[in-house]
Amino acid sequence: MIHFSSVTKQSGNKILFTNGNFQLNPGEKVGLVGPNGAGKTTVFRLIVGETMPDEGRVSKPDKTVVGYYSQSIDEMRGRTVLEEVKSAAGSLTTMANELQRLEARLSEPMDDDEMMKTVERYGELQAEFERLGGYDLDARAAEILTGLGIPPEEQGRMTESFSGGWKMRIALAKILALQPDVLLMDEPTNHLDIESIVWLESWLKGYKGSVLMTSHDREFMNRIVNRVVEVAHKTITVYGGNYDFYERERAIRLEQLVAAAKRQDDMLAKEEEFIARFAARASHAAQVQSRVKKLEKIDRIEIPLEEKDINIVWPTPPRGGEEVVKISGLGKTWRTGEGREKLVFRGASALVKRLDRIAVVGVNGAGKSTLLKIITGQTEATEGQAVIGASIDVGYFSQNSLDILDPDSTVVEEVHSRIPNSNLGYVRSLLGAFKFSGDDVDKKISVLSGGEKSRVVLATILARPVNLLVLDEPTNHLDIASREVLLDAVKNFPGTVMIVSHDRHFLKAITTRVFEVDKNELHVVDGDWDYYLEKRGHARGL
């Protein structure tokens, strides 16, 4: 369906990939992976025609409809949510208008030839309209919005009343409602809660078109894709299987490449030794020249530079009491901008015990972050209390933590200022774990992206001797490799953890208990993630 044929693309002075080849077949679900800046977004832009290859060709059938969901969204204003989603199917709207015109025309007098032409056109158009799902567009758009967490009672609101994160969901709904032949998705799970991610998985599994997507959510990739295309080290490489298979296969291929490089180096050393030994002898001149030419023609095997595995060594925290946080009759009500009161939860009681790994879960807006803010003293409870235990030192991460960074400091200065007793070597190693190396550590905070700032804040928290980690969406904007570093760090953390995350792979690996905020109440499940799914009846998809 879509063919990359010997494609080379350069961005400025940087070569992204050379002689790249892959194809996206009808109905195939493919994951697009690679380090940031390697060229994944460029692959999308090449497919939709926003940029052209420097060499080679990107081809697709003329009538192929491509839907592209990216992290940049167009301005949304002047329409309700439902109208905005339906507007994506612009051709259907045009077709519906023409069908109405033809229906009116058929009720008017006309000669036989004109009647025959009008009937034929109406029949062709009606068949195409039905094939494209025109008759169920309203229902389809409403269903998609509901699945992505915007219920029917909210779908009549104007788009401009929604925050940026919710507008991303609306943009995703527009692409899905279009039902294109090819669906390109750049991080579709960003801004989605677990329930919406599970719904999207189900939708994509039933989708008959082709999918090419990037995602930092390992579980999501594993459940959807059946092939992986890697953009890295100036090459495009294709792997069969899901993300876990890709990781294993890539490791095997690297081992084989290293072994082949060693054999080649041994061969080259022997040839070069022969040339050096007999270069001055006339009797061996022909053999020497032959071997020189042979070496000139050999393609040297290059081993891609692999990032070093860095294990974070936690500073020893103080030993806290067995009761880390005691929650008693806790309630919170927010006052809205219109002066109305919005109940978040009430009557919440629970005990956080030493060394617990607690996943705090619930749909977006249920009150997960509010609970963590009360525990860490970021906001006050309306009723009840959350008491921190004796000798408990808290490390708290939220997206708002990004605002406390000094924009005029460099990355290394910012982290070093939080742990002044550590040497620069340790600080640089810590930053290396979160993909800051070389000149990156000397960047000003002010020029960093949101994801980079998140990594800086996480580095400062992971370096302090705390015994209670409270993490609110720490995996947002982190790629899979950085998430694995954070996961290993949390596994080895010698204290208590409370975490809000939509990354099921992450939660499954660490959770020992679950606090679920649902319908204004807090429910405690004493068990790991799998037990929680079984207990709450979510095993069907989560």
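The values are calculated or read from the model by the stated rules, or taken from the named source; none is laboratory data. Only a predicted model underlies this, so the values are computations on that prediction, with no experimental measurement involved. For neighbour counting, all protein chains shown are included, and Cβ atoms are generated from backbone atoms with ideal geometry for every residue, glycine included.
Out of curiosity, is K491 within 14 Å of V412 (Cα to Cα) and in contact with a strand residue (DSSP E or B) (Cβ under 9 Å, 6 or more places away or on another chain)? So K491 fails the test.
Residues in the stretch 427-439 that are buried (at least 16 other Cβ atoms within 10 Å of the Cβ) and part of a helix (DSSP H, G or I): V427, R428, S429, L430, L431, G432, A433.
Here's the yes/no breakdown for (1) in contact (Cβ under 8 Å) with a residue 24 or more places away in the chain; (2) touching a Leu at 6+ places or on another chain (Cβ under 9 Å):
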{"site": "E413", "(1), (2)": "no, no"}
{"site": "P420", "(1), (2)": "no, no"}
{"site": "L430", "(1), (2)": "yes, yes"}
{"site": "V441", "(1), (2)": "yes, yes"}
{"site": "V456", "(1), (2)": "yes, yes"}
{"site": "L469", "(1), (2)": "yes, yes"}
{"site": "I480", "(1), (2)": "yes, no"}
{"site": "D488", "(1), (2)": "yes, no"}
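Between S369, S349, S391, the distinction of being assigned by TED's automatic domain parsing to the domain that holds G495, closer than 15 Å to E516 by Cβ and exposed (fewer than 14 other Cβ atoms within 10 Å of the Cβ) belongs to S349 only.
Within the stretch 86-98, which residues are part of a helix (DSSP H, G or I) and either hydrophobic (A, V, I, L, M, F, W, C) or under 19 Å from L176 (Cβ atoms) (or both)?
K86, G90, S91, L92, T93, M95, A96, listed by residue number.
From the set of residues in the stretch 167-191 that are within 20 Å of S501 (Cβ to Cβ) and modelled with pLDDT under 90, which is farthest from the chain's Cα centre (by Cα)? Residue satisfying both the conditions and the ranking: H191. Restricting G134, G149 to those that are in contact with a Ser or Thr (Cβ under 6 Å, 6 or more places away or on another chain) and surrounded by 11 or more Cβ atoms within 10 Å (Cβ to Cβ) reduces the list to G149.
Quick check on T460: is it polar (S, T, N, Q), farther than 18 Å from L330 by Cα, modelled with pLDDT under 95 and under 25 Å from the mean Cα position of the chain (by Cα)? Answer is yes for this residue.
Checking G37, G90 one by one, the residue that is within 23 Å of the chain's Cα centre (by Cα) and modelled with pLDDT under 85 is G37 and no other. For the stretch 22-40, check the following and say yes or no: at least one residue is in a helix (DSSP H, G or I), touching a residue at least 40 places away in the same chain (Cβ under 8 Å) and closer than 23 Å to L137 by Cβ. No, because not a single residue in the stretch 22-40 is in a helix (DSSP H, G or I), touching a residue at least 40 places away in the same chain (Cβ under 8 Å) and closer than 23 Å to L137 by Cβ. Scanning the stretch 379-411 for residues that are under 28 Å from the mean Cα position of the chain (by Cα) and over 20 Å from L462 (Cα atoms) returns a single hit, P407.
Quick one: what pairs do we get from the stretch 246-265, first residue among the aliphatic types (A, V, I, L, M), second surrounded by 12 or more Cβ atoms within 10 Å (Cβ to Cβ), C-beta under 7 Å, 6+ apart or different chains? From residues that are among the aliphatic types (A, V, I, L, M), the pairs are L257/I301; L257/I303; V258/I303; A260/I301; A261/I301; A261/I303. Residues in the stretch 444-457 that are at pLDDT 80 or above and either acidic (D, E) or surrounded by fewer than 16 Cβ atoms within 10 Å (Cβ to Cβ) (or both): 4 in all. Of the residues E124, E75, E83, the single one that is surrounded by fewer than 13 Cβ atoms within 10 Å (Cβ to Cβ), assigned to a helix (DSSP H, G or I) and not β-branched (V, I, T) is E124.
Residues are listed down the side, and each one gets a yes or a no for (1) modelled with pLDDT of 85 or more; (2) of a type in the set (G, A, S); (3) surrounded by 11 or more Cβ atoms within 10 Å (Cβ to Cβ); (4) in contact with a Gly (Cβ under 9 Å, 6 or more places away or on another chain):
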residue: R277; (1), (2), (3), (4): no, no, yes, no
residue: A280; (1), (2), (3), (4): no, yes, no, no
residue: S283; (1), (2), (3), (4): no, yes, no, no
residue: I310; (1), (2), (3), (4): no, no, yes, yes
residue: G329; (1), (2), (3), (4): yes, yes, yes, yes
residue: W334; (1), (2), (3), (4): yes, no, yes, no
residue: L343; (1), (2), (3), (4): yes, no, yes, yes
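Applying the condition of being of a type in the set (K, R) and crowded, with 19+ Cβ neighbours inside 10 Å to the stretch 201-223 and asking which residue is farthest from the chain's Cα centre (by Cα) yields R223.
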